[in-house]
Amino acid sequence: MYIHEYGDPSLPALVLLHPMEVTGEELYALFSRHLAGRYHIISPDQGGHGSSGPYVSEFEEAGALRDWLVKRGYARIRLLYGASMGGCAAYELMKMPELRFEKVWIDGTGFAPDARFMNWMMREMFLRKLKSVRKDPSKPSANLIKMYGPDFEPMMRANFAKLSEADITNICRACSRRKLQKVSGAIHLEWGEKDPNLKSALPQVKTYLPTAEVVTRGGYGHCGYMAFHTREYVREMEAFINQEV
């Protein structure tokens, strides 16, 4: 993990954990232009992305960030945000007693205890995709354009090409398992209506995240609403930050 910081450290802190194929710097750039308030933003590159080393596990990512936050005195965070892969580490952070997150927003993350078929299916799909991208790195991905739009596609394709096969194997494993533990608080969870993680997540959410508000984005796939409606998405997130608990 390579940690980027932006803004005045005396301001309320937001932690942003990016999805696969987006770096911490890119997520910061996407979100910061739409925030009305002023914040101190911590937006790491997780394993396999940006300036980080390899991706090993969600536990290693969460542990590295916890150690960094505690060392610098960030015991209280205004918002913890995690999308897809980033939500895997975010959930582990939520369970750590050393930190307090006033609000949590997780998008598109799976909450199945052990989705072995999903793990295998994702890994095979992404390894085939990696082979194709490496064969012709300049060729746009029609599937990425369909799922996330033409503005996101070049960024996602370029980041994907830098992943190793080990990174992909470990990310797919992280995204298809959760070490479930009950967590409460002001939590927003969302999925696209077509997200394959939605159906298996809902029963677990009722048991292990009982205070969470759950939003389903009609007509969208995995993290699709965030990509196509970034401005509206960030404004909803900021309104959630400012809600009275």
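The values are calculated or read from the model by the stated rules, or taken from the named source; none is laboratory data. Worth saying up front: this structure is predicted, and the values here are computed from it rather than measured. Neighbour counts are summed over all protein chains in view; Cβ atoms, including those assigned to glycine, are modelled from backbone coordinates with ideal geometry.
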So is GLY218 of a type outside the set (Phe, Trp, Tyr), in contact with a strand residue (DSSP E or B) (Cβ under 7 Å, 6 or more places away or on another chain) and at pLDDT 95 or above or not?
-> no
Would it be correct to say that GLY110 is part of a loop (DSSP other than H, G, I, E, B), in contact with a Cys (Cβ under 6 Å, 6 or more places away or on another chain) and under 20 Å from LEU17 (Cβ atoms)?
-> yes
Looking at region 137-150, which of its residues are in contact (Cβ under 8 Å) with a residue 12 or more places away in the chain, in a loop (DSSP other than H, G, I, E, B) and not polar (S, T, N, Q)?
-> PRO137, PRO140, GLY149
Among all residue pairs at least 6 apart or on different chains, which show Cβ distances below 7 Å where the first residue, located in region 120-136, is surrounded by 11 or more Cβ atoms within 10 Å (Cβ to Cβ) and the second is not in a helix (DSSP H, G or I)?
-> MET122/SER176; LEU130/LEU163
Among the candidates PHE111, PHE59, which residue alone is of a type outside the set (Lys, Arg) and either under 27 Å from ARG217 (Cα atoms) or more than 17 Å from the chain's Cα centre (by Cα) (or both)?
-> PHE111
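Filter region 177-210 for residues that are hydroxyl-bearing (Ser, Thr, Tyr) and either at pLDDT 95 or above or more than 19 Å from ARG116 (Cβ to Cβ) (or both); which is surrounded by the most Cβ atoms within 10 Å (Cβ to Cβ)?
TYR208
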Note: among HIS40, HIS18, just one is modelled with pLDDT of 95 or more and buried (at least 24 other Cβ atoms within 10 Å of the Cβ), namely HIS18
Which condition does GLU92 not pass, out of (1) of a type in the set (D, E, K, R); (2) out of contact with any Phe, Trp or Tyr (no Cβ under 7 Å at 6 or more places or on another chain); (3) in a helix (DSSP H, G or I), if it passes all the others?
-> (2)
Would you please name the residue that is surrounded by the most Cβ atoms within 10 Å (Cβ to Cβ), looking only at residues in region 223-245 that are not acidic (Asp, Glu) and not in a helix (DSSP H, G or I)?
-> CYS223
Test each condition in (1) more than 25 Å from LEU14 (Cβ to Cβ); (2) among the small types (Gly, Ala, Ser); (3) touching a residue at least 12 places away in the same chain (Cβ under 8 Å) for ALA174 and report the one that comes out false.
-> (1)
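Rundown of residues vs (1) closer than 28 Å to ALA239 by Cα; (2) assigned to a helix (DSSP H, G or I), yes/no style:
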{"site": "ILE106", "(1), (2)": "yes, no"}
{"site": "MET125", "(1), (2)": "no, yes"}
{"site": "LYS129", "(1), (2)": "no, yes"}
{"site": "MET155", "(1), (2)": "yes, yes"}
{"site": "ARG178", "(1), (2)": "no, no"}
Which residue pairs have Cβ atoms under 6 Å apart, sit 6 or more places apart or on different chains, and have a first residue in region 207-218 that is in contact (Cβ under 8 Å) with a residue 12 or more places away in the chain and under 12 Å from ASP195 (Cβ atoms) and a second that is surrounded by 11 or more Cβ atoms within 10 Å (Cβ to Cβ) and among the small types (Gly, Ala, Ser)?
-> ARG217/GLY192
Identify, from the list GLU61, GLU25, the residue that is assigned to a helix (DSSP H, G or I), surrounded by fewer than 20 Cβ atoms within 10 Å (Cβ to Cβ) and at pLDDT 95 or above.
-> GLU25
Hits in region 92-123 (condition: out of contact with any helix residue (DSSP H, G or I) (no Cβ under 9 Å at 6 or more places or on another chain), closer than 23 Å to LEU14 by Cβ and among the charged types (D, E, K, R)) | ARG100
